[in-house]
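Trainee: Could you have a look at this structure, given as structure tokens, before my questions?
Laboratory data are not the source of any read-out in this text; all were calculated from the coordinates shown. Everything numeric here is computed off the predicted structure, so don't read it as measured data. Every residue, glycine as well, gets a Cβ built from its backbone with ideal geometry; the counts of neighbours run over all protein chains shown.
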Amino acid sequence: MAYITCENLAVGYEKKPVVDNINFKVEKGDYLCIVGENGAGKSTLMKTLLHLASPVSGDIIYGDDLKPYEIGYLPQQTVVQKDFPASVYEIVLSGALSKSKWRPFYSKELKALAKENMEKMSIWDMRKTCYRNLSGGQQQRVLLARALTATTKLLLLDEPVSGLDPKVTAEMYSLINDLNKDGITIIMVSHDIDAAIKYAGTILHVNGEDSFFGSKEEYINSKEYKSLTGGK
């Protein structure tokens with residue numbers, strides 16, 4: 001059974017849909033990229049999948065024994081988040097909060113998991129550094145390590161390269177792609193259509209009442225792709 005199945009889903013605020021008639025599936029090991037015009041409802045859909053917002057209508061079905069706490073989330077960063085006064089280690093370890101089972105401390109195993117993910121993201125050497133003193137690319141690596149500490153199943157990434165320079169952007173995309181190759185399912189919101197075509201296996205183009213879902217090969221031949229790229 002798919003990790004996530006959305007059937008005739010409408011998302012929005014105060015029971016008013018921003019986008020509706022969304023239908024798609026995310027299987028274990030998939031790499032789904034959600035694209036569309038600004039304001040089309042991409043981030044709203046992401047928040048709805050995370051139970052941070054309620055569906056206006058339709059169904060979201062979670063399967064394959066996927067628990068809500070097994071979804072890692074890397075949100076768009078705000079100015080307040082970028083200035084957060086905590087160490088790299090503290091932030092990454094906080095990803096294990098849902099696994100600590102209300103204990104007032106983290107187990108040796110959870111601390112080892114946090115270290116493993118910091119090493120995977122090449123940030124272990126800066127574990128004592130204050131998060132606010134890091135570059136944008138380093139901060140994203142910290143948040144990605146935190147998300148990995150929360151889950152080994154599914155990552156939801158909302159514009160993970162926003163505000164990063166081209167070199168760091170390429171590095172971040174490569175890291176995410178490697179995680180997917182290692183078996184982690186990826187759902188990524190992006191305005192970067194070229195990256196979506198390069199890395200994703202399936203595309204969801206959010207567009208009012210006429211959204212597209214299919215393989216990237218199918219998407220390249222769709223009217224939604226042509227409308228977004230100016231007919232290229």
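Trainee: If a residue counts only when it is hydroxyl-bearing (S, T, Y), without any contact (Cβ under 8 Å) to a residue 60 or more places away in the chain and surrounded by 17 or more Cβ atoms within 10 Å (Cβ to Cβ), which helices (runs of 4 or more DSSP H) contained entirely in the range 1-113 have at least 1 such residues?
Mentor: 42-49, 88-93
Trainee: Suppose we filter L157, L179 for residues that are free of Cβ contacts under 8 Å to residues at least 60 places away in the same chain, under 27 Å from Y62 (Cβ atoms) and aliphatic (A, V, I, L, M); which single one remains?
Mentor: When all the criteria are applied, what remains is L179.
Trainee: Can you give me the number of residues within the range 194-227 that are in a helix (DSSP H, G or I), among the aliphatic types (A, V, I, L, M) and out of contact with any helix residue (DSSP H, G or I) (no Cβ under 6 Å at 6 or more places or on another chain)? Reasoning before the result, please.
Mentor: First, the residues of the range 194-227 that are in a helix (DSSP H, G or I): 194-199, 216-220, 223-227.
With among the aliphatic types (A, V, I, L, M) added as a condition, the list becomes 195-197, 220.
Those still in the list that are out of contact with any helix residue (DSSP H, G or I) (no Cβ under 6 Å at 6 or more places or on another chain) too: 196, 220.
The number of residues fulfilling the criteria is 2.
Trainee: Residues of the range 133-171 being crowded, with 21+ Cβ neighbours inside 10 Å and assigned to a loop (DSSP other than H, G, I, E, B), which ones?
Mentor: T151, P160, V161
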